[in-house]
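These notes concern the structure reproduced below.
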Amino acid sequence: MAANRRRPPTVEGPKPRKPRKGDKQGPADESDKKTELRKRGLILCIIALPVLVGFYATLLWWSNPHTDGRELRIDQYITLLRQGRIQSATILESDNRIAGRYDRGAYWVAVAAGRETIFSRLTSALEDAGVAYKVKQQPLKNLIVPASLILPALIVVDGLFILFLLFGRGGMGDAFAFGKSKARRLATGESKITFADVAGVDEAIEELAEVRDYLGSPDKFLAMGAAVPKGILLTGPPGCGKTLLARALAGESNVPFFSMSGSDFVEIFVGVGAARIRDFFQVAKEAAPCICFIDELDAVGRGRTAMAVGGQDEREATLNQLLVEMDGFESGSGVVVLAATNRPDILDTALLRPGRFDRRVGVERPDVRGREAILKIHSRGKPMAPDVDLTAVAKRTVGFTGADLANVVNEGALLAARRGSPQVEGRQLFEAIERVVAGPEKRSRILSPQDRHRIAYHEAGHAIASTSLPGADKVGKLSIVARGHAGGFTWLVPEGDQAAVTRSQLIDRIAAMLGGRASEEIVTGEASSGAQADLEHAGTLARRMVSDFGMSEKLGPYIVKPLSPGYQGEWGVGYSERISSMVDSEVQTILSEAYERCKSALTLNRALLDRVAQTLMEVEALEGDALDELMLAVQSLPDLVGAGPSSASSNSSQAGN
Ligand code: ADP
Ligand code: MG
Ligand code: ZN
């Protein structure tokens, strides 16, 4: 997807700039040269390796003495001498041999090195026999010992060089450069991604387009006296396209783009992170105008804590350096710092002060139009059947992020390929949505009749509760085929994008989540472990109602949150035990209110519950018209708010709502 090069050239740290005539060479040119040099060095080293090995092998072979003929023992030799059968003799100095000819051809005798007595006995025997002999010096062979030490060493060194050049960061020189920023520089035009590849986040695109225009012709903006922000923070849930937007900006603008991830600054050695930040900004300033992108800023930008324990020191030093650097350049300097995070709440407040990341751009989940546009982008280049209705897919995928939608299209294409169809069809896309929501179906899992019965009632309970409760989402599909970890699956489809939800809607949603468990309890008389995930979701939502939305009776419009984020960090809570236990009891109150409401919805529709469960056991999955027809018979419970006191059968505490 990304224009990934396997090993990006690293940007060199600050160097005294040599004055050059005429041409302005940025760090990029230098690093290009470096890469070129490295490549050549690598080729050289690779060629050298077989040559050296060849030399060494030849040496080993040559260092053996090479004498023809028959090998004679010393005693045989002396006997032959006495018999006068030896014709000639040459003493080979380094080989420690005597070679020559005798009456049957060539011969050689091994003479122990350094044994003077053997030599003198043999020479006197030769003299006695009257054989002329000579000594052959072998000066080259004296080189064997040093060469046999040097050559293997050279081979090892060459091998190490190759390893360094292949895998060492920035070559030999940088292998130990801890403080270097590792910043990845995208050459202009390297990123093929443009704003056209991002959809559903128009405001963010607008904001970034402004940055691109400013960096393209800063004079125009400066003439107007307009100050372009020097720090822009992209915030939003994961998968909504923050990193993608940054890459698109890199593709759109004609200035250098440096990118780093916040975690690259995090090191265990104190001071290294700070040095990397310094280096990063130094490089950027030299390359101005340019864009610096720090992804996952929260890794460095976390709030500082009062207690410094372990790695805290280092993180704090890194953060401080970041703050200093961001103050260090003027807004007209042409360096724009772009950062992304999905946890703006834990960022240090100092980072968000004007003059640093003074502009915050939300990259949120796309609405229905945005979703359709994103689906269109991702279905480019995939063969789509004419029946594919992306608008319908967009309507069904409320709450999906861009990454989820990309996943849907991809899963759809995979399904189409697996089924052997030449094009991606509409129903494959819908199946892909379910897979993304709940994981693939596990048709192979065999259920016992009791499990089947229980799961059918569980899912029917969800369906009837959510249809009967006015505030809950609508049912899109029911199935008792196992998926992922779940035994069955009820797909609740929100009716549309909603900006805010009311308390009664939330209660109904929680009630629908509990519908499975309530139904099991009504029918079988006891609870099962199958509802665990439902309970978890319901509990989380109820807790948010109390502590995030201020929707509880006892606490009222009070948001329960740790004090200022970053002040006490992970350790302090910032609220008292009393509040904490009140939250717990209020969560329980909400849950039981919802549970009661769910139970009354199910008892009201008891006959239908049986029918839906029966049908489900027969056909395994229900959706579309068949489902709608069954659900027509559902009797709705009155709205929680509009109902007035008469219908508040189980709970009278909501009167003040
Ligand atoms: P984030 O950085 O916000 O967590 P990413 O930018 O990494 O999310 O998005 C992951 C992938 O999801 C992208 O590579 C892209 O394929 C897809 N995606 C996310 N948001 C969008 C969008 N708004 N438009 C098009 N594709 C998107
Ligand atoms: Mg990201
Ligand atoms: Zn359930």
> Expressed as cubic angstrom per residue, what is the convex hull volume of the alpha carbon set of the range 184-362?
Replying inline: 106
> Which of K242/K395; K230/K382; K230/K395 have a Cα-Cα distance over 31 Å?
Replying inline: K230/K382; K230/K395
>> Please compute the Kirkwood hydrodynamic radius over the range 368-438, one decimal place, Å, based on all pairs of different Cα atoms.
In response: 11.6
> Which aspartates and glutamates have a Cα lying under 12 Å from the Cα of K477, excluding residues fewer than 8 positions away in the same chain?
Replying inline: E431, E434, E459, E620, E623, D625, D628
> For the range 406-505, what does the alpha-carbon gyration tensor say about shape, rounded, prolate or oblate, given a ≥ b ≥ c as the root eigenvalues, a/c under 1.5 as rounded, and a/b over b/c as prolate?
Replying inline: oblate
> Considering amide H positions built from the backbone, and no H for Pro or chain starts, which residues 5 or more places from S88, or on another chain, come under 5 Å of its amide H?
Replying inline: R101
>> Counting heavy atoms of the protein chains only and a 1.4 Å probe, report the per residue accessible area for the range 449-656 as a whole number of Å².
In response: 49
>> Please list, ordered by chain and number, the residues whose modelled amide H lies under 5 Å from the amide H of W108; skip anything fewer than 5 residues away on the same chain.
In response: R70, E71, L72
> Which of the peptides 533-545, 515-527 is most tightly packed, and how do the rest follow, going by the mean number of other Cβ atoms within 10 Å of each residue?
Replying inline: 515-527, 533-545
> Given a Förster distance of 56 angstrom, what is the FRET efficiency for A385 paired with A147, based on the Cβ-Cβ distance and rounded to 0.05?
Replying inline: 0.15
>> Taking a virtual spin label 7 Å from the Cα of V641 along the C-beta vector, which residues in the range 469-508 bring their backbone nitrogen under 18 Å of it?
In response: 469-473, 495-508
> Ignoring ligands, DNA and RNA, what percent of the 1.4 Å accessible area of the range 64-137 is carbon and sulfur?
Replying inline: 44
> Within a Cβ distance under 10 Å of F400, other residues only, what is the Lys/Arg minus Asp/Glu net charge?
Replying inline: +2
>> I need the per residue convex hull volume for the range 449-656, using only the alpha carbons, in cubic angstrom as a whole number.
In response: 145
> Hey, rough spin-label estimate for S333 and L44, points 7 angstrom out along Cα→Cβ, what's it come to in nanometres?
Replying inline: 3.9
> Can you pull the percent of the range 368-438's accessible area that's carbon plus sulfur, 1.4 Å probe, other chains left in place?
Replying inline: 52
> Heavy-atom accessible area per residue, the range 64-137, 1.4 Å probe: how many Å²?
Replying inline: 61
>> Let me see the P(r) profile for the range 64-137: every Cα-Cα distance counted, bins of 10 Å, each bin given as a percent of all pairs.
In response: 21, 62, 18, 0
> Accessible area per residue of the range 184-362 at 1.4 Å probe, in Å²?
Replying inline: 39
>> Within the range 513-557, name every residue whose backbone N is under 16 Å away from a label modeled 7 Å from Cα of Q450 along the Cβ vector.
In response: 520-521, 523-531
>> Between the range 476-547 and the range 37-67, how far is it from one alpha carbon centroid to the other, in angstrom?
In response: 72
> For the range 464-527, what % of the accessible area comes from carbon and sulfur atoms, probe 1.4 Å?
Replying inline: 49
> How large is ³J(HN,Hα) for each residue in the range 521-533, as worked out from phi by the Karplus curve 6.51 cos²θ - 1.76 cosθ + 1.60 (θ = phi - 60°), to whole Hz, x for Gly and Pro?
Replying inline: 5, 5, 7, 9, x, 8, 8, 10, 6, x, 9, 4, 4
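The values are calculated or read from the model by the stated rules, or taken from the named source; none is laboratory data. Keep in mind it's a predicted model, so treat the numbers as computed, not measured. For neighbour counting, all protein chains shown are included, and Cβ atoms are generated from backbone atoms with ideal geometry for every residue, glycine included. For accessibility, only protein heavy atoms count, side chains too; no ligands or nucleic acids. Shrake-Rupley method; radii C 1.70, N 1.55, O 1.52, S 1.80 Å.
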